[in-house]
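Student: Sharing a structure with you now.
All of the numbers you see were taken from the coordinates with simple rules; none came from a lab. None of the values given here were measured: they were computed from a predicted structure. A quick note on method: Cβ atoms are made from the backbone with ideal geometry, for glycine too, and the neighbour counts reach across all protein chains shown.
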Amino acid sequence: MLDGGADPLYLARRLVRMASEDVGLADPRALEMALAAKDAYAFLGSPEGELALAQATAYLASCPKSNRVYEAWNAVRAVVKGGGSAEVPLHLRNAPTALLKALDYGREYQYDHDYPDAIAPEQSYLPPSLRQAHFYEPSDRGLEIRIQERLRWINAHRQPVREKKPHA
């Protein structure tokens with residue numbers, strides 16, 4: 001492509017996109033490598049910087065692949081597009097004033113580090129309408145194997161969140 005006149009920075013952009021979309025969290029170093037190649041090319045120019053692009057290309061080609069984050073991103077966007085954005089749960093809202101505290105902003109927030117294994121057992125981060133939603137499912141390739149194990153471990157330590165009734 002370079003010999004055919006393609007802009008090397010166009011190639012660098014494609015490498016960055018492939019690192020995010022095609023490799024993803026199966027090997028997060030792929031994004032670092034692609035960005036480093038882009039920076040090296042911008043710093044060195046041709047022909048020296050072309051080797052950095054070739055190095056990143058070889059690395060990306062050899063990485064385990066996963067588009068699971070890309071799929072999750074698209075699923076979240078579809079939910080938001082279909083139903084609009086949901087409100088941030090009250091317990092996650094900042095309460096810098098007495099009025100906001102009186103409106104229960106921040107009430108019942110569980111600080112992870114106050115609990116064993118730094119996992120608040122009943123903390124939820126999604127609005128009630130999305131609590132049962134599941135968007136990201138790691139693959140069984142590369143680092144996503146470990147991410148999958150970690151997510152299972154976290155879920156095993158969390159208790160189902162009970163719906164809380166508003167205070168009178």
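Student: Please list, in order along segment 108-120, the HN-Hα scalar couplings obtained from phi with the Karplus expression 6.51 cos²θ - 1.76 cosθ + 1.60 (θ = phi - 60°), rounded to whole Hz, x for Gly and Pro.
Tutor: 6, 5, 10, 7, 3, 6, 7, 10, x, 6, 6, 10, 5
Student: Something else: On average, how much area does the Cα convex hull of the chain cover when viewed from any direction, in nm²?
Tutor: For the Cα atoms of the chain, the hull's average projected area reads 14.2 nm².
Student: Obtain the nm distance between the two label points defined at ALA75 and ALA36 by a simple spin-label model: each point lies 7 Å from its Cα along the Cα-to-C-beta direction.
Tutor: 3.2 nm
Student: Still on this structure, please answer the following. Through the Karplus equation 6.51 cos²θ - 1.76 cosθ + 1.60, θ set to phi - 60°, convert the phi angles of segment 133-138 into ³J(HN,Hα) values in whole Hz; use x for Gly and Pro.
Tutor: 5, 9, 10, 9, 10, x
Student: Can you spot the aspartates and glutamates whose alpha carbon is less than 12 Å from LYS81's alpha carbon? Ignore those fewer than 8 places along the same chain.
Tutor: List returned: none.
Student: Any idea how far apart LEU100 and GLN148 come out in nm if each label point goes 7 Å out from Cα toward Cβ?
Tutor: Between LEU100 and GLN148, the label points sit 4.1 nm apart.
Student: Quick check: pseudo-label points 7 Å beyond the Cα along Cα→Cβ at TYR125 and MET1, how many nm apart are they?
Tutor: My value for the distance between the label points is 3.4 nm.
Student: Identify which of TYR59, TYR70, TYR111 has the largest mean-square fluctuation in a Gaussian network model of the chain, with springs joining Cα atoms closer than 10 Å.
Tutor: Its mean-square fluctuation being the largest, the pick is TYR111.
Student: Measure of size requested: the Rg and Dmax of segment 75-165, with Cα atoms as the atom set and Å as the unit; please supply both.
Tutor: Rg, Dmax (Cα atoms, Å): 15.7, 49.
Student: What residue among HIS113, HIS157, HIS91 has the largest mean-square fluctuation in a Gaussian network model of the chain, using Cα springs under 10 Å?
Tutor: Ranking HIS113, HIS157, HIS91 by mean-square fluctuation puts HIS113 first.
Student: Taking amide H positions as placed in the peptide plane 1.01 Å from N, state which residues far from GLY106 in sequence (5 or more) or on other chains have amide H under 5 Å from it.
Tutor: HIS91, LEU92, ARG93
Student: Given a 10 angstrom Cα cut-off, can you work out which residue in SER129, SER66, SER139 is the most mobile in a GNM of the chain?
Tutor: Of SER129, SER66, SER139, the Gaussian network model singles out SER129 as fluctuating most.
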